[in-house]
1. With respect to residue 64, is the statement that it is modelled with pLDDT of 90 or more and surrounded by 11 or more Cβ atoms within 10 Å (Cβ to Cβ) true?
2. Only residues that are free of Cβ contacts under 8 Å to residues at least 24 places away in the same chain, among the aliphatic types (A, V, I, L, M) and part of a helix (DSSP H, G or I): list them for the range 1-21, please.
3. Among the numbered criteria (1) at pLDDT 90 or above; (2) more than 12 Å from the chain's Cα centre (by Cα); (3) of a type in the set (Ser, Thr, Tyr), which single criterion is violated by residue 53?
4. Please go through the range 48-69 and give me each residue that is closer than 18 Å to residue 16 by Cβ and either assigned to a helix (DSSP H, G or I) or of a type in the set (Ser, Thr, Tyr) (or both), ordered by number.
5. For the range 30-42, give me each residue that is modelled with pLDDT under 90 and either assigned to a strand (DSSP E or B) or exposed (fewer than 10 other Cβ atoms within 10 Å of the Cβ) (or both).
6. Could you tell me which residue of the range 11-29 is farthest from residue 69 (Cα to Cα), considering only residues that are among the small types (Gly, Ala, Ser) and surrounded by 11 or more Cβ atoms within 10 Å (Cβ to Cβ)?
Amino acid sequence: MLAAIAFNLTRAAGVLASVAHARSRPATIRDQLINIPARIANRARRFHLHLPTNWPWQDAWLGLFDAAYAPS
């Protein structure tokens with residue numbers, strides 16, 4: 001049951017991220033969008049996420065982030 005939920009959530013994240021990730025396998029989505037090489041910094045009690053420069057999937061990840069945290 002939990003495996004099916006994880007599969008469906010991963011596929012939904014791929015659809016929200018980009019057109020290329022909409023058809024990707026869940027392992028590819030995990031490798032490219034979920035396991036990201038980022039650094040979290042805490043400045044003035046606010047968290048900042050530092051993504052690597054020239055990361056090939058940055059646009060897809062930002063699209064997923066914007067879709068997930070868009071104001072309602």
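The values are calculated or read from the model by the stated rules, or taken from the named source; none is laboratory data. On a predicted model such as this, the values are computed, not experimentally measured, just so you know. We place every Cβ from the backbone using ideal geometry, glycine too, and count neighbours over all the protein chains shown.
1. The answer is yes for residue 64.
2. Result: 2, 3, 4, 5, 6, 9, 12, 15, 19.
3. Every condition holds for residue 53 apart from (1).
4. The answer is 58, 59, 60, 61, 62, 63, 64, 65, 66, 67, 68, 69.
5. Across the range 30-42, the qualifying residue is only 37.
6. 24
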